[in-house]
Each structure stands twice: as structure tokens, then as C-alpha cells.
Amino acid sequence: MDLNFSPEDLAFRDEVRAFIADNYPHHLKAKADHGEELSKADFLSWHKVLAAKGWAGIAWPVEYGGTGWTSVQRYIFAEESARADAMRLLPFGLNMVGPVIYTFGTPEQKAKFLPRILSGEDWWCQGYSEPGAGSDLASLRTKAERFTADDGKEYYRVNGQKTWTTLAQHADWIFCLVRTDPTSKPQEGISFLLIDMKTPGITVRPIITLGGEHEVNEVWFEDVVVPVENRVFHENKGWTCAKFLLAHERTGIAGVAASKRGIEKVKEIARTETDSFGGEAQPLIANPFFKRKVAELEIDLTALEFTELRTLAGESQGKGPGPESSLLKIKGTEIQQRITELALEAVGHYGAPYFRGFGEGDNEHPIGPDYVHRAAPHYFYMRKTSIYGGSNEIQRNIIAKMVLGL
Amino acid sequence: MDFNFTEEQTLLRESVQRYLADTYDFDSRQKTVNGDAGWNPAVWKAFAEELGILGAPFGEADGGLGGGAIENMIVMEEIGRALVIEPYLSTVVIGGGFLKAAGGAIAEAVIPEIIAGNAIIAFAYAEPQGRYNLADLRTAIRADGDGFVLNGHKAVVRDAPFATHFLVTARSSGGQRDRDGVSVVLLPATTPGITRRDYPTVDGGRASEVYFENVRFGTDAFIGNNGSALALIEQVVDEATAAVCAEAAGVVRKLHEGTLDYSRQRKQFGRPIGEFQVLQHRMVDMFMEVEQTVSMTLMATLRLGEADRARHVSAAKNKIARSLRFVGQNAVQIHGGIGISNELAIGHYFKRATMIEGQFGDADYHLRRYESLMG
């Protein structure tokens, strides 16, 4: 066992650090500092730089255009990205449907979709949750009926509604769990479909969340016709893909590198803010009550980090991400949420002003220092993390059943 | 010992409750929140004329109902339940608190205007550097001829955009954080030299950064004595803190009720999610926080007149700040995705709960204050 990076790893770290420093789009950093919402082009700008470098498919095998990096290299890349405040690439194509397609897809599906996911040409969104199927995902009701059309080819006709679909307003494609056999047990009648968002019959409606963001949507399907060759894996075996994908989603969800940076930012705020309790002005970070919470958070993050490293070590020895990744999801999201709590506490009175963001032609400077604008909205926004990707209650059920055997 | 409300107090609660249930539904509230004015003067007029509650804590001699802190508690709890944004706290609790304590000509002039619904008061006490220390003041008063001049910047002044008067804390003498030398003045909002930058708050209210540039006023503007008003400010802020504790009691009660209702309706895995023991226990924990919020609010309110008022108020606010967070976060969690949608009331209760946590000092501040006072 060795905690130190090898000379090769250190050289790799330097390369990554230099590349990000030289190539990260300046306007993205400026927008993030001001708490501005990112446009579709913003999201894609860093993706395209990384894709050109061959670094978009971080966890992908080399044969599909991935980096083929070791888990240590992936760890280093995540650390360096967070250190430079570089955005994380959206997971829907790269970390979700991409791995499903290269694991379960046909050669034609791989050839058609994978290069476009890597390049950022296709924007993907995830059609899983439904109004009646949240934690109980397998109860989903969006149905896909198979039929033969006049052209002699086979299609599915899709009807139903998905919800909480992140950034569907920008999406070119949606991967969906749909019910293809209404008569069998819930998990056994589901198929995994890839649907072109331009297909007639699809309607996207925004859902505005607590901070005023438009990030999630309802996606409605009314007689949407999908070629059968857009189904991944066998008909009625989509749950296999779903379980595989959820396990993948959970490992990324720990967000250790981003949380490390998040704690650094809280410390920066707390070094800037003053606290004059008792009459003597000190930086907030010198307040023993606040400092203790930051210290506990750092310690909990270290515990999570080393738990994740142990999981990664297991993965590199051929064990896929298993139910243990539920632990990473629970602890990772709890830490992410606590960071937002501390940031909101740190800004004091200036947590209250609501900054609508910069609209078209609106360049009035927001109230207070830059770091205050998103403190409250971000706190509200991050409540989603203990709900999405399988709520933390569901994750505990998974651990109880699959790990503890209860 | 008697924890019973009087008949008048029960009637007060019922009439406020009925009025808000009839007219202040969530959709109407959202219309006001998203409107240009940011408050509803018609509601205020009804508070004054139909309900008469703007006189709740004032003496009958002033035209009030002859109540006090308990009446404020009752009204504030109902305000919390209905997520009322109109400025009862700043005008009646805080404005009324200062004027009642100060007495004199200014009280005689302004209290009837509050009761009639004509005067709206905003409390300009926070400063960008001051955090929760009420004496940390850069805003300064200096004598000039036979009058005074005020200069400074007040942060996040709630209800300022539609206020007719500002209550401003400022330093008349001494160093920036000295306990001596602090004053409070009441100024008409139209006084020359006052400018504002208005904005919405995350919990549906309105506030402003308020700037004072060579604002001139006379001796009659002082509430209490020039240079020795900190004790009065602390007293009124403690009364206001007890009042937001009462508001919190209404807010967490609604968060809990809404969550219980939802858990009975929402089905997953073939049954209402309220049947899952893990969620039952969570909702029991929320219930216990709600009950303790009510208890601590009552404790603090009943002890506002005692010598160790500050310690009791800090005990209540610390406990309630933690309850607000626990109940708010779990209400959202049990609702799942729709808990963070802007379309349902539950998320707006959560936002208000989160802002009350920090109002007049967060859990840490009040724990530290309690610690320093517990001996």
C-alpha cells in the first residue's frame, strides 16, 4: 500500500493542471464567479475543448474513444478540475447513456451514438422519473407499444410523461425507461429506449425550482414513434441497463473533489466576513463555533474520500461498482448539503437578497460581495441531491438488503 | 402558573386565522410576491380596519387593544401559518416596541398612525460589516448647529421599499463597536439624503440597501437618549426575536402538516409512503421539534419582561433555528422532487423557515450569547 503518487502520476497531474490553466474558457469562470446561469453553448464549450484533447470520455475504454485512464488518473483529473473551479461535464451522455451503450448496445448503436456523445454533438437527457414513479422507479407507466408500420419496419409508439428531466430544454436525445410488457412483474416489462427529441409528439415543459432556476422539466410523449433499433439490450430487459446505470451514477455522485473545493470556498468566505461578537472584530473563521463545524466537515470528507479510494481500488481489481456505492451517494450528498449550509450561515444578512441573475441587457451589479448571491439559492437547490439518483432513504434500503443481508 | 389564553386572545387568534384563511391563500400571496409593489396595501387596510390587529400590542389610551407580547405572539404565529409578507413585524412589533418604550411626543404622534395603518416602519439596523452585533456601527450621527446629520449604509432593510418611516441605529460617539454612544432615530422615509436600492428577498419579501448622505434631522427624532440607546435596541430586538420565533411556530406547523398530508396521499411501492416506518419516525421527530418550537416561543415571550430576558430569548432562538432547519429539510425530503418546485407552497414555507433561522442572529450566535450569559 502506498498513499503517494508515482512519478508518472505526478507528471500526469502537472500535465492536467497546465492543460486546464491554459485552456479553460475564461468566460465560464467569470460566469460561475458571478453566479450566472450557463447557456447551452457555455455547457458545451469546455466539453468541446476536452473532446478535442481526447479527454471527454474519462471513464470510457480506449476502444470507444475513452481515455483508458487508471482510477488514480481519474481521481487526479477530478481533483485538478475542482481545484481550478472547472465545471464538471454533464453526466447524462458521458457517464450514463454512454456506458450503457458501450456495455449493452449493438455495433450499430455504438457506431452511431458514442462518437457524438464524446464530441458533445448530441445533448442527452434522462427519462426515468415519472409523476407516479419516483423512489419506486419500477412502477413507471410510460408505455411503448410495438407495431409494424406501412414501410414494413417495426416501431414503438410511446405515450406517457417523464418528469424532473434535467436540461431537457437543450436535449437532442433522451434515454427512457418505458413499459413494453404491462402484464409482467414491474421490473420485468421495462425496456431502454433512445428517443430523438425532435420526434413529433414530444413536449417539454419547464419546472421552476426554489431558487428560480429552470433546470428541470416535464417531458410529455403523445404517440411518439420510435424505431425498434433504438432499443438498447433486449425487450423487457431494460431494468438490467437501469440498475447498471444507477450504480454508475452513484459513484460519481460522491463528488469528493468538488466538495474539497467547496470547503475551501467556505473558508475563503469565512476569512473575508467579520464577526464582532463581544466587541472584537475577527474573521468569521476565528469564531470557534463556526470553525468547529468546518473542521468536522473536513474530517467527514476525509472519511468519505478514503472510502471512495477503497472502492476505486476494488474497481481497478475488476469488481464493478456495487451496492457499496450507495454509501458514497449518501455521505457525499450529505457533505455537499452541509457545505451549502455553512456558506449560507457565513454570509449572514446577505443571504436574504434574491439575485435574479443577469438577464438580457441587465448588468446592474448585484447586492453585496460576489460570493453571497447564490448562497441561499444554492442551499435550496442542493436539497435535490438527497432526493435524486435514488433518494438517500432508498440507498439505505439498498445497503440494508444488499450489503447487510437484512 | 397559567398557560391559558384569555377569551380576548382566543378571539384575536380566531379572527386573524379566519381572515387569512378566507383571503390569504397561497396563490394570492404569490401574486403579491411577484407583483410590482411587493406587498398588498388592501391586506394592511384590513389588518387595521377590519381586524384592528395593528393595535394589538398598544395600550387602550393610544387606541390599541391593550395587549402586549402575547398578542404579538398570536398574530405572528398566524402570519407564519399563512406566510404573510405584510410588515407586521417591522411596523407593529419593532416600530411599536421602540415607540412604546420611548413614549413622549413622537410616540403620541406615530402610534395612532401605526394603528390606523398609515405608518409603515422599516428597521435599519444591520450593516455590511456588522453581522449580528447590534453595536457594530459605522453609520454615524454628528451634531451640526442646532440639529444633527446622519451618514451611512444600512444592509438588507426589510420592508424598506414601502416604508413611510425608517428606524435607524447609528453611532453618536465612541469607537465602531463600543456599547456606549449608540442611538436610534425615527426618520420619515422622504427625508432628503435617503436613497435606496430595492430588491426582492429569497423568501418572498422586499428589502433595500439604504444609504444616508448628510441626512439632517432634529432632536425630536431620537428614540430614547442620544448616545445611550443600545439597551433599548437590545430589548426591542429581543422582542422581535421572540416574534419571529412565533412566526417560526406557524411555519414549522404548516411544514409538518403538509408533510403528513402528502405522506398519506403519495403512493410508492403500492402503499402510502406514510406507512413506511422510516418516514413515520422522521415525521415523529419533526412533530417533536414543532412542539418544542411552540414551547420555547411561549417561554421566551413570557420572559421578555424579566431581568435575564436576553438569555431566555437566545435559548429559544437557538433551539428554534435548529428546529426550523430540521423540519424544513425533512419536509422537502419527504415531498421529494416537488418539495423543491416553486409551484407548491411547501417550498416557500421552507424558504421562509431558512430565512428565519438567520433573522436577528443564527443558531451559533444565540448559542454563543446564551453561553456568555449562563454564568
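Each value in this text was obtained by applying a stated rule to the coordinates, not by laboratory testing. Computed from a predicted structure; not experimentally measured. Here Cβ is always computed from backbone atoms with ideal geometry, including for glycine, and neighbour counts include all displayed protein chains.
Computed values, structure above
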| item | result |
| --- | --- |
| Interchain or long-range residues, amide H under 5 Å from A:Asn217's placed H | A:Trp164, A:Thr165, A:Thr166, A:Leu167, A:Ala168, A:Ile207 |
| Overall dimensions of chain B by Cα: Rg and Dmax, Å | 20.8, 79 |
| At R0 = 45 Å, FRET efficiency that the Cβ-Cβ distance of B:Asp308 and A:Arg356 yields, to 0.05 | 0.55 |
| Average Cα contact separation per residue, chain B, under 8 Å, 6 or more apart, as relative contact order % | 14 percent |
| Cross-link reach list, lysines versus B:Lys45, counting only Cα pairs under 27 Å and skipping chain neighbours closer than eight places | B:Lys31, B:Lys100, B:Lys254, B:Lys351 |
| Per-residue Cβ neighbour rank within 10 angstrom, fewest leading, B:Ile114, A:Ile76, A:Ile208, B:Ile320 | A:Ile208, A:Ile76, B:Ile114, B:Ile320 |
| The stretch A:131-258: projected area of the alpha-carbon convex hull, averaged over directions, in nm² | 9.1 nm² |
| Contact order normalised by residue count of chain A, Cα under 8 Å, 6+ apart, percent | 13 percent |
| Per-selection Kirkwood Rh - chain A (Cα, Å, 1 d.p.) | 22.9 Å |
| Karplus (6.51, -1.76, 1.60) ³J(HN,Hα), θ = phi - 60°, over the stretch B:161-167, in Hz, Gly and Pro reported as x | x, 10, 6, 9, 9, 10, 9 |
| For the protein assembly as shown, alpha-carbon Rg relative to the globular expectation (2.2 N^0.38 Å, N residues) | 1.04 |
| Separation in nanometres of the label points that stand 7 Å from Cα toward Cβ, at A:Leu406 and B:Ala21 | 4.2 nm |
| Convex hull volume of the stretch B:7-119 per residue (C-alpha atoms, cubic angstrom) | 88 Å³ |
| Residues in the stretch A:145-172 that a label on A:Lys198 would reach, taking backbone N under 14 Å of a point 7 Å out along Cα→Cβ | A:171-172 |
| FRET efficiency, 1/(1 + (r/R0)^6) with R0 22 Å, evaluated for A:Glu145 and A:Lys243 via beta carbons | 0.35 |
| Other protein chain Cβ atoms within 10 Å, averaged over every residue that makes up B:327-340 | 5 |
| Mean ellipticity per residue at 222 nm, deg cm²/dmol - from DSSP H runs of n ≥ 4 across chain B, formula -39500 (n - 2.57) | -16000 deg cm²/dmol |
| Length gained when the stretch B:Ser372-B:Arg264 is fully extended (0.36 nm per residue, less Cα-Cα span) | 34.4 nm |
| Rough spin-label spacing in nm, given labels placed 7 Å along Cα→Cβ, for B:Leu11 and A:Ala111 | 8.7 nm |
| Unsatisfied cross-links (Cα-Cα over 27 Å) in the set A:Lys110/A:Lys331; A:Lys48/A:Lys153; A:Lys185/A:Lys401; A:Lys112/A:Lys237 | A:Lys110/A:Lys331; A:Lys48/A:Lys153 |
| Karplus-derived HN-Hα couplings along the stretch A:272-283 (A = 6.51, B = -1.76, C = 1.60, θ = phi - 60°), whole Hz, x at Gly and Pro | 8, 5, 9, 9, 10, 4, x, x, 10, 7, 9, x |
| From phi via Karplus (6.51, -1.76, 1.60), per-residue ³J(HN,Hα) for the stretch B:36-47 in Hz, x at Gly/Pro | 5, 6, x, 7, 10, x, 5, 5, 4, 4, 5, 4 |
| Cα shape, the stretch A:1-117, gyration tensor, a/c 1.5 rule | oblate |
| Ranking of B:Tyr19, B:Tyr349 by count of other Cβ atoms within 10 Å, fewest first | B:Tyr19, B:Tyr349 |
| A:Asp172/A:Glu315 FRET efficiency (R0 30 Å; Cβ-Cβ; nearest 0.05) | 0.45 |
| Given charges at Cβ of Lys, Arg, Asp, Glu: the stretch A:214-361 dipole, positive-most of A:Phe290, A:Thr307, A:Tyr354 | A:Thr307 |
| Exercise: per-residue mean of other protein chain Cβ atoms within 10 Å, A:127-140 | 2 |
| Whole-Å distance, taken between Cα centres, linking the stretch B:8-58 and the stretch A:101-180 | 49 Å |
| Dipole moment magnitude, nearest 20 debye, chain B about Cα centre, only Lys, Arg, Asp, Glu C-beta charged | 1280 debye |
| Burial ordering of A:Asp122, A:Asp14, fewest other beta-carbon atoms within 10 Å first | A:Asp14, A:Asp122 |
| For the stretch A:102-224: relative contact order, % (alpha-carbon pairs under 8 angstrom, 6 or more apart) | 25 percent |
| Cα principal axis extents for the stretch A:83-181, largest first, Å | 52, 33, 25 |
| Only Lys, Arg (+1) and Asp, Glu (-1) charged, at Cβ; chain A dipole about Cα centre in debye | 820 debye |
